[in-house]
Amino acid sequence: MLPLTDSHGRTKRKLRISLTDRCNFRCTYCMPEHPDWLPRASLLTRDEVLRLAGLFVAHGIEQIRLTGGEPLLRRDLTECVRGLDGLRERGLRRVSMTTNASRIAPRAVELVEAGVDDFNVSLDAVDADLFRRMTLREIAPVLDGIEALAAAGARVKLNAVVVRGDNDGEIVRLLEWAMERHLPLRFIEYMPLDAPGHWRRDAVVSEADMIAAIEKRGHVVERQPRGADPATPWRIDGHYELGIISTVSNPFCSTCDRLRLTATGELFTCLFSPVGMPLGKRMRDGADDEALSALVRKAVWLKDAGYAARPGPVARATTMHTMGG
Ligand code: SAM
Ligand code: SF4
């Protein structure tokens, strides 16, 4: 099958699949404190997830990232991973997971053995009180989860969303904590994808402000050339690589190679698309692979330029916890 290329010449190689919109955390920058969960029956079953994943792999998708909500809340998570692992013979090269890690400790070995190649763990603060203020949950199980993943030999990367007035004062502490443990870290600019009306532009800490805060504390910072990854790499003190995802201040839309599938099977070609293509619904209505494939190609072709072209909040009900980051 033909690879998925949009009308701006960007070929898609990565797919994020949200396995559930449910989450045991309530990160204030991600979702409302009392979200309306999607009806359970509308969530894709494992067979449906694997059928759509196979279709995307046939179209040249090489990397799949499982996300949520919190993927660990999905009871059949390990079986989903095993199913994806089986797509390697059809061209899939990497299976990743983004998680808050609070429930991963007892399952770290099982998930690595099932086929997860690497994990991104969200950690916005190392101070327990600040972590609680941002996520409305406790940090201890997350730190246990990170330790368990390391003990299982997993590749782990940390993600921290930086929100002014919350954890902007924690940037250097978090960086030094990650450096001491040789854990890669990426700071993420706060994007307008949380509860409607919650995001404020002045709460965004830009990449430039983050770098200034790090330099002010005496670290030597050198910008590295940007590759295919959305994060700009920065070398710290000559030996540690920090990434910064600057979607708001310096969008990377021109090289975007990602697609996103929500837990109900809506295909979003951009985090900021106002509408998705309802693949899950069409599949349940009886569409065969050829028809689904035509819908995917159409949605990808129509992918617009991205956040760079239309900055600011999007008028839609789908927030970050439904989209999967
Ligand atoms: N629950 C998992 C987790 O927290 O890692 C996976 C889902 S979460 C929606 C995926 C990623 O989106 C996390 O790294 C989270 O920090 C990030 N995220 C959520 N809301 C965001 C926002 N408003 N701006 C930037 N990143 C955000
Ligand atoms: Fe849950 Fe992840 Fe959103 Fe936090 S960022 S509320 S852990 S989905």
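The values are calculated or read from the model by the stated rules, or taken from the named source; none is laboratory data. This is a predicted model, so every value here is computed, not measured. All Cβ positions, glycine included, derive from the backbone under ideal geometry; neighbour counts span all protein chains shown. Surface areas here come from the heavy atoms of the whole protein model, side chains and all, with no ligands, DNA or RNA. Shrake-Rupley method; radii C 1.70, N 1.55, O 1.52, S 1.80 Å.
The condition of being modelled with pLDDT under 95, within 16 Å of ligand 1 (Cβ to nearest atom) and not in a loop (DSSP other than H, G, I, E, B) holds for residue 322.
Under the condition of being more than 16 Å from ligand 1 (Cβ to nearest atom), under 17 Å from residue 324 (Cβ atoms) and β-branched (Val, Ile, Thr), the residues counted in the range 50-74 number 1. Residues in the range 132-149 that are within 15 Å of ligand 1 (Cβ to nearest atom), open to solvent by less than 40 Å² (accessible area, probe 1.4 Å) and over 19 Å from the mean Cα position of the chain (by Cα): 139 alone.
Identify, please: which residue in the range 92-123 is of a type in the set (S, T, N, Q) and buried (at least 21 other Cβ atoms within 10 Å of the Cβ) and is, among those, farthest from ligand 1 (Cβ to nearest atom)?
Keep residues of the range 92-123 that are of a type in the set (S, T, N, Q), which gives 96, 98-100, 102, 120, 122.
From what is left, the residues that are buried (at least 21 other Cβ atoms within 10 Å of the Cβ) are 98-100, 102, 122.
Details: 98: 4, 99: 5, 100: 4, 102: 9, 122: 4 Å.
Going through the qualifying residues, I end up with 102.
The sole residue among 282, 235, 226 that is open to solvent by 40 Å² or more (accessible area, probe 1.4 Å), more than 17 Å from residue 304 (Cα to Cα), among the basic types (Lys, Arg) and assigned to a strand (DSSP E or B) is 235. If I filter the range 3-44 down to residues being among the polar types (S, T, N, Q) and farther than 26 Å from residue 293 by Cα, which single residue comes out as modelled with the lowest pLDDT? Applying the filter and picking the extreme gives 28. The residue list 259, 292, 271, 267 contains one member that is open to solvent by less than 30 Å² (accessible area, probe 1.4 Å), at pLDDT 95 or above and within 24 Å of residue 186 (Cα to Cα), which is 259. Quick one: count up the residues across the range 179-200 that are outside any loop (DSSP other than H, G, I, E, B) and in contact (Cβ under 8 Å) with a residue 24 or more places away in the chain. Going through the range 179-200 one residue at a time, the tally reaches 6.
For the range 231-264: of the residues being touching a helix residue (DSSP H, G or I) at 6+ places or on another chain (Cβ under 9 Å) and among the aromatic types (Phe, Trp, Tyr), which is nearest to residue 323 (Cα to Cα)?
Step one: of the range 231-264, the residues touching a helix residue (DSSP H, G or I) at 6+ places or on another chain (Cβ under 9 Å) are 232, 234, 236-237, 239-240, 242, 244-250, 259-264.
Next cut, among the aromatic types (Phe, Trp, Tyr) only: 234, 240.
Details: 234: 28, 240: 31 Å.
Looking at residues that are touching a helix residue (DSSP H, G or I) at 6+ places or on another chain (Cβ under 9 Å) and among the aromatic types (Phe, Trp, Tyr), I get 234.
Checking 285, 237 one by one, the residue that is without any contact (Cβ under 8 Å) to a residue 60 or more places away in the chain and under 23 Å from residue 156 (Cβ atoms) is 237 and no other.
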